[in-house]
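One structure below.
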DNA sequence: CGGATCACG
DNA sequence: GACGTACGTGATCCGA
């Protein structure tokens, strides 16, 4: 006993739970408390305890935790760890459970005010080493790597349980390029953004370790700067030497703390079964509980939480933040589906759906446009592999030898309708707005609904950028969450010229495809819906997005009337003018060319005509955009203005006057846009086919197109828009008293800004103030602002400084927002809508700064989106309560709603609309600024402004 | 199919 | 060690 080597394990509990939280799936225990990180922590302790009898296993073990956020380091440097935002909402309740778990294992849990876990670990490690013990620090914190090494045969090493990796001198040298005793020097140079240790600006891990390795120490590296040849690096080393020296102190571990418990108290031989059993039972860790009884060895591969969790928690794992482990569901089996071809079988399915209370539904149609598509079939799913397809309009091609037996479409809808309208049966869709619109056109009402696409959006908006795995389409969701690739539409119907309508797909194949979609939707719902509560998405889903689906569906079905003759006349006028301009442009160019080709135009302007200032972008092509042409025009190039006019007219013609005529639905005589509820990462809607959110308004010539948007006779159009909503929200969110006051007093906000910034309001200062206001909302840079205001970046920087000084909350808002996003990975609106920014920590500066600007804007733009969505949800009930049954909500353009209503209703409807919009934030959120709404009416959309 | 351009909030 | 600047969209055209 006496000569057995003692081996102390020191567990860095605080850092472990943060890592476990981010790497493990969001599990909850039977009471609904989030326990993902606790589970990871518990399995980690279990694993260590399993090694008790091993040759080099622990003889002594303790868990070290951080007690509070302040430490003696804050006295040296008040900003130390000042960037740390609050931990995520579903992690906070897990902190006390970590202590519970530790006590459950009957292990000492040590924490001390004013000391960080790292310092206690260092002090215990050194003390044990002095006594000749071996020490293993269970952590992956790079600061602790300074301690690694051997003194008189007693070694300190580290264990990263997540990577199952021992860390000793070679691993440290590989990571830092220097031995452990120089790690502190490297850290002092490179700094640490998480702990807010400054280091030297512009020096990262690579340069830091190179410098220290070359010169042998931090001091030597700093001293060497004098003799370096002139460079950025030299300047930085000289200028920020003080930062590095202070950082060196901050990263130094305090190795002589008073030890609150003696080493002997850390001795362990066996983990007593109680109270561990009680703890495991309480939190539903039943597989561990079972093992406790059997005393079996390595971790089991399943547990009652989720089969994937036990495995991934214990070792490295590659759990992604957004992948929920698979609940136990049988593998998907397309041969299990039923083709429903008789009334009896259909009744049976409808009955079972009602009994089940939850059914996934998918419709198959003949086209993608919900306002033109014919219903071809319906599929239902009641459970995994428990799905059917009800073909309703198949056949009509020579693919069928004889027409298949089908339930009559009208009869089928009669049988399904009561179930679809049954308030006690939840219908789950993937993009339900589409199905709702198709079914509504057949007179079928569907309620209540859930939507896996919207759930996914409310959980994961912004995850996976540049289209990499971030979408919310069914195929993507299925691969991401179910690890299953569904049959693709093109595999069933083909593509291009060889494509066939779905109604001509043989029934067996159609069933595989259609029933699978319902099955997948059902499975996705089981996966995604529970995550809402765990991850804090319930509010925005239940209060904003889910109720919005039928509202937007109805708006799409309403459509808006456009005056075809008027558009045709405009097209004709534009065409004539375009032709004339083209002739003049060719004449000025001295040759014919395609004016619409930026490439050819650039060559004409800068090569042939020899105008100065041509700049080629990375595609090797001259830029000929508006700003370039305007400059050329100012320099006396008559061709530039002609091209600008040509561009404006051909844009208006092709995008609007021609395209809108095409978009008129032959059945309704109106234009029906399609809104995407998941199109914009910030939570805004987007509009397609046609896009009615970018109809011209800024120029007189463009506004003519708005004149073609008209009401039915006897009606008017009413446009209601929020005035400066984003600036109001910025004033509220950044708590800028001056701005809040200005809004309360109904002042012109840009003028007020001009007064604050420049001391007087003129046309010029107001315009500049307006530009600056927007720059703030969009995440400012001196260069960006300089470009817009046509001033030097230095001057722009002065203005930014002045702005921050005059409106002191703004800078704090920006810093706090960015810190939160860096820590949590996402931003949040006032209503809890998350937008993820996976590139916020990118090493690529342009990429990172792009994310930062987007992250500054997202809470503001997103809150504005939440507010108008809430107004939309409440609008129709409010109008109905006011007996205004003929007011129809047609369009949404981010901060504007467009209605069509009888002239006689204008007065009373205006009041209701104004009220609903102005009050849309409450009661969930009480704003410090009023929301002002401007309302106009007229015989066209243009006239309504 | 990507880039350039330009329409909107 | 260089990079390249305002956020969020969608439609159209050109040209590889």
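Determine the gain in length on full extension of the stretch residue A:421-residue A:848; use 0.36 nm per residue of separation and subtract their C-alpha separation, reporting nm with one decimal.
The span from residue A:421 to residue A:848 would gain 148.9 nm if fully extended.
Would you mind classifying chain A by shape? Square roots of the alpha carbon gyration tensor eigenvalues, ordered a ≥ b ≥ c; an a/c under 1.5 is rounded, otherwise it is prolate if a/b is larger than b/c and oblate if not.
Oblate is the answer for chain A, as a/c is 1.5 or above yet b/c matches or exceeds a/b.
What is the order of A:388, A:109, fewest Cβ neighbours within 10 Å to most?
Numbers: A:388 24, A:109 18.
So the residues, fewest neighbours to most, are A:109, A:388.
Find how many whole Å separate the alpha carbon centroid of the range A:696-731 from the alpha carbon centroid of the range A:524-577.
Comparing the Cα centres of the range A:524-577 and the range A:696-731, I get a distance of 17 Å.
Could you work out how much longer the chain between residue A:165 and residue A:229 gets when fully extended? Use 0.36 nm per residue separation minus the Cα distance between them, nm to one decimal.
18.9 nm
Kindly work out what percent of the DSSP beta bridges joining two residues of chain A are antiparallel, to the nearest 5.
For chain A, the DSSP antiparallel bridge percentage is about 65.
So how tilted is helix A:117-130 from the main axis of chain A? Cα-based, degrees 0 to 90, rounded to 10.
Taking the Cα atoms of chain A, the angle to A:117-130 is about 30 degrees.
Suppose R0 equals 60 Å; then what is the FRET efficiency for residue A:245 and residue A:489 from their Cβ-Cβ distance, rounded to the nearest 0.05?
Numbers: r = 64 Å, r/R0 = 1.07.
Between residue A:245 and residue A:489 the formula returns 0.40.
Which of A:456, A:224 comes first, and how do the rest follow, when ranked by fewest Cβ neighbours within 10 Å?
Final ranking by Cβ density, sparse to dense: A:224, A:456.
For residue A:904 paired with residue A:95, estimate the spin-label separation in nm (one decimal), with each label point 7 Å from Cα along the Cα-to-Cβ line.
Distance between the two pseudo-spin positions: 6.4 nm.
Roughly how many whole Å is it from the C-alpha centroid of the range A:879-945 to that of the range A:89-119?
53 Å
Could you work out how far helix A:906-918 tilts from the main Cα principal axis of chain A, as a 0 to 90 degree angle to the nearest 10?
Helix A:906-918 sits roughly 10 degrees off the main axis of chain A.
Multiply the residue separation of residue A:746 and residue A:174 by 0.36 nm, subtract the distance between their alpha-carbon atoms, and state the gained length in nm to one decimal.
Length gained, residue A:746 through residue A:174: 199.7 nm.
What FRET efficiency comes out for the pair residue A:345/residue A:86, r = Cβ-Cβ distance, R0 = 56 Å, nearest 0.05?
The value I calculate is 0.50.
Find how many whole Å separate the alpha carbon centroid of the range A:832-858 from the alpha carbon centroid of the range A:196-272.
Between the Cα centres of the range A:196-272 and the range A:832-858 lies a distance of 29 Å.
Just rank A:651, A:433, fewest to most, by other beta-carbon atoms within 10 angstrom.
Starting with the residue having the fewest Cβ neighbours, the order is A:651, A:433.
At what distance in nm do the modelled label points of residue A:654 and residue A:568 sit from each other, each positioned 7 Å from its Cα along Cα→Cβ?
Simple spin-label model gives 2.3 nm for this pair.
Put a dot 7 Å past each Cα toward the Cβ at residue A:886 and residue A:72; how far apart are the dots in nm?
My value for the distance between the label points is 8.2 nm.
What FRET efficiency comes out for residue A:220 versus residue A:286 if R0 is 56 angstrom and r is the Cβ-Cβ distance? Round to the nearest 0.05.
That pair, residue A:220 with residue A:286, gives E of 0.45.
If you project the alpha carbons of the range A:725-857 onto the principal axes, what extent comes out on each, in Å, largest first?
Principal extents (Cα only, largest first): 43, 35, 20 Å.
Just so you know, all these numbers are worked out from the coordinates, no wet-lab data involved. Quick caveat: nothing in here was measured; it's all calculated off a predicted structure. Methodologically, a virtual Cβ is constructed for each residue, glycine included, from the backbone with ideal geometry; neighbour enumeration extends over all protein chains shown.
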